[in-house]
Amino acid sequence: MSTSKPPLVICLGNVVADHVFRVEEVPQPPAKAQAKGYRLNVGGMAANAAIAVTRLGGRAAFWGRVGDDPNAGLLMDGLKDEGIDLTGMKQVTGARSPVSAVLVDRYGERAIMGYRGDGLGTDPSWLPLEMLDEAKAVLCDPRWPEGAHVLLEEAEKRDIPTVLDGERSETRLLLDLVPRVRYAIFSVSGLTNYGSGARAPEALRKAVSEGVTRMAAVTRGEKSTLWIMRGEEKIRETPVFRVEARDTTGAGDVFHGAFALAMAEGMEMEAAIRFSSAAGALRARDGATAHRKELEAFLQENAAIPRENAGT
Ligand SMILES: Nc1ncnc2c1ncn2[C@@H]1O[C@H](COP(=O)(O)OP(=O)(O)OP(=O)(O)O)[C@@H](O)[C@H]1O
Ligand SMILES: [Mg+2]
């Protein structure tokens, strides 16, 4: 048995109680309808990424805030059950946790009503920064910029790889966060926000021209991932895996968690993107986050994806 512990990845940002109702169709008001099914999911970008890290064989810590409402307990239990370290998770007295109602119809189409929470505060001074002594990678989403600033600055000082989930946000927030991370990985809408509508190649080139950013990428669902390294002009393209997608919710979050773990493990860039794409594809296929063994088997089965399969 190896004596070395799995690498620790700190994921800072959002956690949301997703109350998911399966319905025939999303009703138009005024209406009262029966749901065919119900489940509570731990959602939120950084929280989903932390779950991906532990399932894929790393150790994860989630840093963020919840309220002291019933959803908070459900969220903390959900993360604890996955084996995630909650030293950096704060229950804020009198605050309310982020929550969403998700209605999924018979075609898998969804209507989401999200609530960002209330009274969670922005002060990051209580974060357990000493945990960085052990961390091998750090991931932030854009939902708690004050926390991200502190964590990213400390990580950079210690030469720890940093990853941003560049998800849909205000342009000014992304302009502020991107130069602070080594690896900025956007969703399509996040990159549009960051580049104020510029085309993807132009926006990616801008991202790697500033701050400490060494690589910028955009994930595009079932289309290939585009990425660029600092100092290079060429936009690279990595194909995605072909799966029959059942539920793509959280595929991006899982991609980011897998990527942060890959950086923590010292994986080389092309391999890291493949690894993360496989994690995203399995999530889209199964509607659940895969474990490492399953992912390794999937990668082996799909070892030879021809370059020409790269969708455009
Ligand atoms: N239908 C799919 N088939 C194969 N792979 C997929 C599919 N959807 C997602 N993936 C994988 O997951 C990655 C991330 O997905 P996507 O670009 O949709 O993230 P996103 O827009 O951030 O979505 P979200 O944040 O809601 O999860 C993709 O780059 C791809 O590798
Ligand atoms: Mg996303």
Per region 91-234, sqrt(5λ) over the Cα gyration tensor eigenvalues, sorted largest first, in Å, gives 26, 24, 13
Any idea what the relative contact order of the chain is, in percent, if you count C-alpha pairs under 8 Å spaced at least 6 apart?
17
Taking r as the C-beta separation of Ala245 and Ser125 and R0 as 41 Å, the FRET efficiency to the nearest 0.05 is 0.45
In the structure shown, of Lys80/Lys206; Lys80/Lys136; Lys5/Lys223; Lys5/Lys80; Lys32/Lys223; Lys206/Lys293, the pairs separated by more than 30 angstrom at the C-alpha atoms are Lys80/Lys206; Lys5/Lys223; Lys32/Lys223; Lys206/Lys293
Which loop trypsin sites (Lys or Arg not before Pro) in region 138-210, with loop taken from DSSP, have no more than 13 other Cβ atoms within 10 angstrom of their Cβ?
Arg158, Arg199
Sorted by Cβ density within 10 Å, fewest first, the residues Trp126, Trp227, Trp63
Trp126, Trp227, Trp63
Which of Ile185, Ile228, Ile51 moves the most in a Gaussian network model of the chain with Cα springs under 10 Å?
Ile228
Sum up the charges of everything whose Cβ sits under 12 Å from the Cβ of Met269, counting Lys and Arg as +1 and Asp and Glu as -1, but leave Met269 out.
+2
D (µm²/s, integer) via Stokes-Einstein for region 173-225, Kirkwood Rh across alpha-carbon pairs, 4 °C, 1.567 mPa s: value 120
Could you tell me how far the Cα centroid of region 274-301 sits from the Cα centroid of region 242-257, in Å?
9
Amide H to amide H, which residues 5 or more places from Leu12 or on other chains are under 5 Å from it, using H placed in the peptide plane?
Trp63, Leu139, Cys140, Asp141
Below 12 angstrom from the Cβ of Tyr183, what's the summed charge of the other residues (Lys, Arg +1; Asp, Glu -1)?
+3
Whole-number value, in Å³ per residue, for the convex hull of the alpha carbons of the chain is 147
For the ranges 97-107, 14-24, what's the packing order if you count other beta-carbon atoms within 10 Å of each residue, average per peptide, and put the highest first?
14-24, 97-107
Restricting things to alpha carbons, tell me how big region 2-93 is in terms of Rg and Dmax, in Å.
16.3, 61
Quick check: the distance between the Cα centres of region 114-141 and region 1-79, to the nearest angstrom?
16
About the Cα centre of region 33-180, what is the dipole size in debye to 20, counting +1 per Lys and Arg Cβ and -1 per Asp and Glu Cβ, all else neutral?
560
Residue among Thr219, Thr289, Thr122 with the largest mean-square fluctuation in a Gaussian network model of the chain, springs linking Cα atoms under 10 Å:
Thr122
Shape parameters for region 135-218, alpha-carbon atoms, Rg then Dmax in Å
11.6, 35
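Just so you know, all these numbers are worked out from the coordinates, no wet-lab data involved. The shown structure was predicted, so the numbers you read here are calculated from the model rather than taken from an experiment. Cβ sites come from the backbone with ideal geometry, for glycine too, and all protein chains shown count toward neighbours.
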